[in-house]
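Data block below; observations after.
Derivation of every value follows stated rules applied to the coordinates shown; laboratory data play no part. These figures come from a predicted structure and were not determined experimentally. Every residue, glycine among them, receives a Cβ derived from its backbone with ideal geometry; neighbour counts consider all protein chains shown.
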Amino acid sequence: MKDIKRLCDLIRETSFSIHSYLRYGHLEKIYENSLAHRLRKKELDIKQQHPIKVHDEDGTLLGDFYADLFVENKLIVEIKACKAIAPEHTAQILGYLRATEIEHGLLINFGAPKFQIRKYILGRDD
């Protein structure tokens with residue numbers, strides 16, 4: 001699946017279906033496994049807890065962060081199971097995008113009564 005908009009729409013629809021079925025109240029890992037499972041059934045390339053290297057400006061390796069899901073080698077999906085998306089969650093996914101060559105990310109919260117999803121696009125000039 002090449003079009004990032006269609007990919008994000010598919011993940012949003014799948015995530016909403018999971019939230020409707022499981023509701024809120026489970027651990028983050030349950031939602032991560034469910035979303036990975038359902039997206040793999042749709043024949044998408046899904047990597048769970050995928051390490052992504054973070055480098056300093058001079059190229060020195062600083063360490064790894066682990067994307068909850070890395071979809072089709074072009075989209076980071078960060079999953080939460082909390083009352084509401086907090087500023088630190090937004091900072092986390094933006095930090096992941098800044099530290100990589102990846103421009104698109106989704107932040108999904110399954111832990112609230114109302115399903116929450118936010119899309120982030122970080123151009124290379126940001």
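Tell me, Cys8, Cys82 in order of fewest to most beta-carbon neighbours within 10 Å?
If I rank by nearby Cβ atoms, fewest first, I get Cys82, Cys8.
Helix-only estimate, please: 222 nm mean residue ellipticity of the chain, summing -39500 (n - 2.57) across DSSP H runs of length 4 or more and dividing by its residues, to the nearest 500.
Per the formula, -11500 deg cm²/dmol.
Trypsin sites (Lys or Arg not before Pro) within segment 1-77: which are DSSP loop residues with at most 12 other Cβ atoms inside 10 Å?
Values: sites: Lys2, Lys5, Arg6, Arg12, Arg23, Lys29, Arg38, Arg40, Lys41, Lys42, Lys47, Lys53, Lys74; in loops: Lys2, Arg23, Lys42, Lys74.
Those satisfying the criteria are Lys2, Arg23, Lys42.
Convert each backbone phi in segment 83-94 into a coupling constant with the Karplus relation 6.51 cos²θ - 1.76 cosθ + 1.60 (shift: θ = phi - 60°), then list the ³J(HN,Hα) values in order as whole Hz, x for Gly and Pro.
4, 7, 5, 10, x, 5, 5, 4, 4, 4, 5, 5
How high is the relative contact order of the chain, given as a whole-number percent (alpha carbon pairs under 8 Å, six or more residues apart)?
22 percent
Taking a 19 Å limit on the Cα-Cα distance, which of the listed pairs Lys74/Lys114; Lys5/Lys29; Lys5/Lys119; Lys80/Lys114; Lys47/Lys114; Lys5/Lys80 fall beyond it?
Lys74/Lys114; Lys5/Lys29; Lys47/Lys114; Lys5/Lys80
For His50, list long-range residues whose amide hydrogen, built 1.01 Å from N in the peptide plane, is under 5 Å from its own amide hydrogen.
Close amide H contacts, sequence-distant or interchain: Ala67, Phe70.
Which values of log₁₀ I(q)/I(0), to two decimal places, follow from the Debye formula for segment 4-121 at q = 0.11, 0.13, 0.14, 0.21 Å⁻¹ with a uniform point scatterer at every Cα?
Debye output, listed in q order: -0.34, -0.47, -0.55, -1.19.
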